[in-house]
Amino acid sequence: MAALDPIAALSALYQGVLKKGEPMARHTTFKSGGPCDLYLEPGSLDDLRIAVAFLTQQGVPLTVVGDGTNLLVRDGGIEGAVISLAGLGTAIDEVREGNEIILTVPAGTKTQHLCRLAATRGLSGLSFATGIPGTVGGAMAMNAGTDANGFADIVDGLSVVDISGKTRMVPRNALEIGYRHLAIDGKTRHDNGFPIIVGVRLRLTPGECDTLVSEREALLSRRKASQPVGLASAGCFFKNPPEGPSAGKLIDDLGLKGEAVGGARVSELHANYLINAGGATTADILELAARIKARVKQAHGIELEEEVTLVGRET
Ligand SMILES: Cc1cc2nc3c(=O)[nH]c(=O)nc-3n(C[C@H](O)[C@H](O)[C@H](O)COP(=O)(O)OP(=O)(O)OC[C@H]3O[C@@H](n4cnc5c(N)ncnc54)[C@H](O)[C@@H]3O)c2cc1C
């Protein structure tokens, strides 16, 4: 990629982490995927803005990552620059507005840090997110959630950096929201030019601390018993169809638990979890997913749609 020659120029402008050829298997919970051309962890918001403006000017494609807990990176790696917000601070601001509490949360904050903090401070509204790994920016970009709710239900607005490096606020009423779907200015996480979420404003209500903490513990235990939380995966692989049985039930009823391609396997605990049981390539995972989709389509006429975000170039 000829456009990456000006790395020396970027290094002079920018203070954060900058690596070439970083394996994306290190940055995804699936632990698969080839290297990205450039990997950046900006050390501050200014650093992020400088890097984004520079790279866009050079025509370098940008991909943002949170904790990579929903990402499946192809074995060919990622063209252009991958930007992680891990170094952008986690100071959470709390303001009371009437009977509500507004939290302003940096996008790189771990979702579970936020949930723990909310429960122990007696802030209600985040229980649905108990046990969802990853960052708050990633959770917002996905509208992550459970049957109960999603982040869109509690969002008040976003602070974003667009691909020219400018920061702006996006109010809630300008967001297009759906099931595992968020669009800003008509663009989703799958589109070039989707803005980088750097801060999330959430609207919570006062709650009873002891109740929230015990609810949290019960939800975590339920997750541990029903999902392979310690194994390499990206959570539920497929979205639930709009009607009828869940994707997991459809796959389970076809007897596909334990089905494997190379190192990729359908979890025995939860059939909508595809696992990297050791040494799986992304090609293995995609082949297993394709077989599942074909079986479900053949048996039920239902086209399963991926919930995981697939990125990267073909080998
Ligand atoms: C064991 C396990 C359980 C899970 N359970 C659930 C669950 O119950 N519900 C659920 O919804 N999900 C679940 N997931 C999936 C995943 O954890 C969530 O979707 C999570 O919110 C993704 O956050 P992340 O920071 O890891 O995002 P990433 O995986 O890094 O990124 C996901 C997408 O968001 C984009 N993105 C990330 N950060 C930003 C940003 N700051 N600005 C703009 N775009 C951004 C990325 O480009 C990518 O397209 C689970 C995953 C695992 C491994």
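Quick look at the values:
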read-out	value
Residue match in the range 291-302 (condition: aliphatic (A, V, I, L, M) and either touching a Cys at 6+ places or on another chain (Cβ under 6 Å) or within 15 Å of the ligand (Cβ to nearest atom) (or both))	no
Filtered residue count, the range 131-152, keeping only those that are more than 8 Å from the ligand (Cβ to nearest atom) and open to solvent by 10 Å² or more (accessible area, probe 1.4 Å)	3
Any pair with Cβ under 7 angstrom, 6 or more apart, that starts in the range 224-240 at a residue that is among the aromatic types (Phe, Trp, Tyr) and ends at one that is in a loop (DSSP other than H, G, I, E, B)	237/272; 237/307; 237/308; 238/272; 238/304; 238/305; 238/307
Scope the range 269-315; condition acidic (Asp, Glu), touching a residue at least 40 places away in the same chain (Cβ under 8 Å) and open to solvent by 60 Å² or more (accessible area, probe 1.4 Å); matching residues	305, 306, 314
Within the range 163-181, tally of residues that are touching a residue at least 40 places away in the same chain (Cβ under 8 Å), more than 9 Å from the ligand (Cβ to nearest atom), touching a Gly at 6+ places or on another chain (Cβ under 9 Å) and not hydroxyl-bearing (Ser, Thr, Tyr)	1
Selected residue [buried (at least 19 other Cβ atoms within 10 Å of the Cβ) and either at pLDDT below 95 or basic (Lys, Arg) (or both)] from 222, 172, 168, 201	201
Some residue of the range 25-38 being within 15 Å of the ligand (Cβ to nearest atom), part of a helix (DSSP H, G or I), touching a Leu at 6+ places or on another chain (Cβ under 9 Å) and not β-branched (Val, Ile, Thr)	yes
Scan of the range 66-108 for residues that are among the basic types (Lys, Arg) and touching a residue at least 40 places away in the same chain (Cβ under 8 Å), ordered by number	74
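The values are calculated or read from the model by the stated rules, or taken from the named source; none is laboratory data. Everything numeric here is computed off the predicted structure, so don't read it as measured data. Here Cβ is always computed from backbone atoms with ideal geometry, including for glycine, and neighbour counts include all displayed protein chains. Each accessible area value is taken on the protein alone, full model and side chains, heavy atoms only, with ligands, DNA and RNA left out. Shrake-Rupley method; radii C 1.70, N 1.55, O 1.52, S 1.80 Å.
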